[in-house]
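The block underneath contains the structure these notes are about, expressed in structure tokens.
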Amino acid sequence: MTQDLAEGRRSRTLALWTISIAQLMFLLDATVVNVALPSIKGSLGFSGSGLEWVVTGYSLAFGGLLLLGGRAGDILGRRRMFVAGLALFTVASLLGGLATTPWWLLVCRAVQGAGAAAASPAALSLIATTFPEGPERDRAVGIYSAVATAGGGVGLLAGGLIATSLSWRWVMFVNVPFGVFIVIAAMRVLTETERVRGRFDLAGALTGTAGVTLLVYGLINAATDQTGTTHWADTDVLVTLGAAVLLIAAFVAIERRNPHALVPLRIFVDRVRAGTYIVQILTSTAMFGIFFFLTLFLQQVWDYTPLQTAVVYVPLTALLVYGARLSSRLVAKTGARNLVIGGLLSAAAGMAWLSQIGDSSGYLTGMLVPTVLTYAGLGLTGVPLTLSAMSRVPAEDSGTASGVFSAARQVGGATGLAVLGTVAWAAASAITGPKPASRSLADHALAVGAGRGFAVAAGIVLLALLVAALTLPRGRS
């Protein structure tokens, strides 16, 4: 009996690390190419606007297909979808590294995003169905969150090292050996989940996927740009966001009547889960905006190289990882609500402090201390939010619930870049004016704009704190 328990525990540990490393790859790939963009532009002859799609294409496919990927795992089997999505991601990475034209690389990036969207919801739902609620699941989610949250920082560092010492193509090729290894491991250590009887909701899939994709695309293109030109009133942006609202409204109407709904609306009835989704959107909005403008500030105002910028994020990423591991041990003692509120208070204080940063600020008090408060606080929230999102979810809906949770993160990220981008660039352009400014004035303007963006991010985190206080249950439940 003891030997069987030990073997079962060992098997679940191997399954957990297989799932977690795969999720690390998916999130890492959203940032790893950023540092290599100049090399990609020179090698393949991208235009300035076309180059943005190397990043945006992946994010759109990933965010837009998450709902479909989550339900597909419920119906077709979560291990099957995890392996199929990972295999698709790996093949697209190989072909992307061999690209000789811009369109070739862009197609591969979109296919990468589709593969990640198929596998990512299955990964989280496999954890929910493999580990029983309680300390064992808390520990599993802690490890999963710690590995996954390292994706952004590891992506920047890996991209900087690869772009400096190797060809940009290795940004794509590096996924191949890891992908092959994880596919083989997944087929050996993961067990297939019971499939839900039903059929695909084609109308819901079309309206839901198109609605989320257009929403993310519209938000990405709506933000005020570096010249201070706002795009919220542009015809294409208005049409895109309007179409997104109509499609999402149609999606909700379809789901209410369809017995085989892509996203059964019953998963939103639970107050805790609905509140968790809102908090996830708001915290992702703040975090993605902070990440973008802090990177821009370091490189343009403080003249950091891409590699130096990546190194700055190493201790901050470590804080996210440590916070996730710490919260997995504390959540049973303090309760999810207390951890989330405490973490968000720390993050809001750090962002408010960071809003005072200037072009002449010192590294220690100007950036290090406030970013430590910010990242440590956000690190504490990941595990309790994930546990709250997946708690008391019926087994047949676990893939869908994890897909919605992941989609909330993607929508929040796009919203952060749009809202904080508008605030920051509008403030900066008000100082420099329409004509080219001197270097010192431009640096000062960017510092002021970034500070305004950080202040708005602090307000968004406080709003998330209010939602958490109203929806998450008191006590240790």
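The values are calculated or read from the model by the stated rules, or taken from the named source; none is laboratory data. Because the structure is a prediction, the values reported are computed rather than measured. All Cβ positions, even for glycine, are placed from backbone atoms using ideal geometry, and neighbour counts span all protein chains on display. Each accessible area value is taken on the protein alone, full model and side chains, heavy atoms only, with ligands, DNA and RNA left out. Shrake-Rupley method; radii C 1.70, N 1.55, O 1.52, S 1.80 Å.
Looking at this structure, is Pro394 without any contact (Cβ under 8 Å) to a residue 40 or more places away in the chain, open to solvent by 20 Å² or more (accessible area, probe 1.4 Å) and either of a type outside the set (Gly, Ala, Ser) or touching a helix residue (DSSP H, G or I) at 6+ places or on another chain (Cβ under 6 Å) (or both)? When the stated conditions are applied, Pro394 passes them.
Going residue by residue through the stretch 408-416, is there one that turns out to be under 22 Å from Arg71 (Cβ atoms) and open to solvent by 40 Å² or more (accessible area, probe 1.4 Å)? Within the stretch 408-416 (the criterion being under 22 Å from Arg71 (Cβ atoms) and open to solvent by 40 Å² or more (accessible area, probe 1.4 Å)), the answer is yes, since at least one residue qualifies. Assess whether Thr381 counts as being of a type in the set (Ser, Thr, Tyr) and within 21 Å of Val311 (Cα to Cα). Criteria not met by Thr381. Looking at Ala286, Ala210, Ala274, Ala249, just one residue is at pLDDT 80 or above, under 23 Å from Val456 (Cβ atoms) and under 26 Å from the mean Cα position of the chain (by Cα), and that residue is Ala286.
Would you be able to tell me the number of residues in the stretch 246-285 that are farther than 30 Å from Leu378 by Cα, aliphatic (A, V, I, L, M) and free of Cβ contacts under 8 Å to residues at least 60 places away in the same chain? Residues in the stretch 246-285 being farther than 30 Å from Leu378 by Cα, aliphatic (A, V, I, L, M) and free of Cβ contacts under 8 Å to residues at least 60 places away in the same chain: 7 in total.
Each residue in the stretch 125-142 was checked for being open to solvent by 10 Å² or more (accessible area, probe 1.4 Å) and of a type in the set (A, V, I, L, M), and 1 pass.
Listed by first and then second residue, the pairs with beta-carbon distance under 7 Å, at least 6 apart or on different chains, first residue in the stretch 169-194 and in a loop (DSSP other than H, G, I, E, B) and at pLDDT 85 or above, second surrounded by fewer than 22 Cβ atoms within 10 Å (Cβ to Cβ) and hydroxyl-bearing (Ser, Thr, Tyr), form an empty list. Restricting attention to the stretch 264-272, does a residue exist that is in a helix (DSSP H, G or I), under 30 Å from Leu206 (Cβ atoms) and aliphatic (A, V, I, L, M)? Within the stretch 264-272, one or more residues are in a helix (DSSP H, G or I), under 30 Å from Leu206 (Cβ atoms) and aliphatic (A, V, I, L, M).
Quick test of your reading of the structure: Thr230 fulfils all but one of (1) of a type in the set (S, T, N, Q); (2) closer than 28 Å to Thr471 by Cβ; (3) part of a loop (DSSP other than H, G, I, E, B). Name the failing condition by number. Of the numbered conditions (1) of a type in the set (S, T, N, Q); (2) closer than 28 Å to Thr471 by Cβ; (3) part of a loop (DSSP other than H, G, I, E, B), the odd one out for Thr230 is (2). Considering only residues in the stretch 332-354 that are hydrophobic (A, V, I, L, M, F, W, C), touching a Pro at 6+ places or on another chain (Cβ under 9 Å) and open to solvent by 10 Å² or more (accessible area, probe 1.4 Å), the one that is nearest to Asp138 (Cα to Cα) turns out to be Ala332.
Among the residues of the stretch 92-112, is there at least one that is within 30 Å of Ala140 (Cβ to Cβ), at pLDDT 75 or above, aliphatic (A, V, I, L, M) and out of contact with any Leu (no Cβ under 7 Å at 6 or more places or on another chain)? Yes, some residue in the stretch 92-112 is within 30 Å of Ala140 (Cβ to Cβ), at pLDDT 75 or above, aliphatic (A, V, I, L, M) and out of contact with any Leu (no Cβ under 7 Å at 6 or more places or on another chain). Select from the stretch 289-314 the residues that are out of contact with any helix residue (DSSP H, G or I) (no Cβ under 6 Å at 6 or more places or on another chain) and either outside any helix (DSSP H, G or I) or at pLDDT 80 or above (or both) and write down the one among them that is surrounded by the most Cβ atoms within 10 Å (Cβ to Cβ). Among those residues, the one meeting the criterion is Trp302.
Considering Ala352, Ala332, Ala348, the condition of being in contact with an Asp or Glu (Cβ under 8 Å, 6 or more places away or on another chain), in contact (Cβ under 8 Å) with a residue 40 or more places away in the chain and in a helix (DSSP H, G or I) is satisfied by Ala332 alone. Counting only residues that are modelled with pLDDT of 75 or more and open to solvent by 20 Å² or more (accessible area, probe 1.4 Å), the stretch 195-206 holds 3 of them. Being within 25 Å of Ala324 (Cα to Cα) and surrounded by 24 or more Cβ atoms within 10 Å (Cβ to Cβ), is that true of even one residue in the stretch 109-117? Checked against the condition, which is being within 25 Å of Ala324 (Cα to Cα) and surrounded by 24 or more Cβ atoms within 10 Å (Cβ to Cβ), the stretch 109-117 yields at least one hit.
Scanning the stretch 298-340 for residues that are of a type in the set (D, E, K, R) and on the phi > 0 side of the Ramachandran plot yields a single hit, Asp303.
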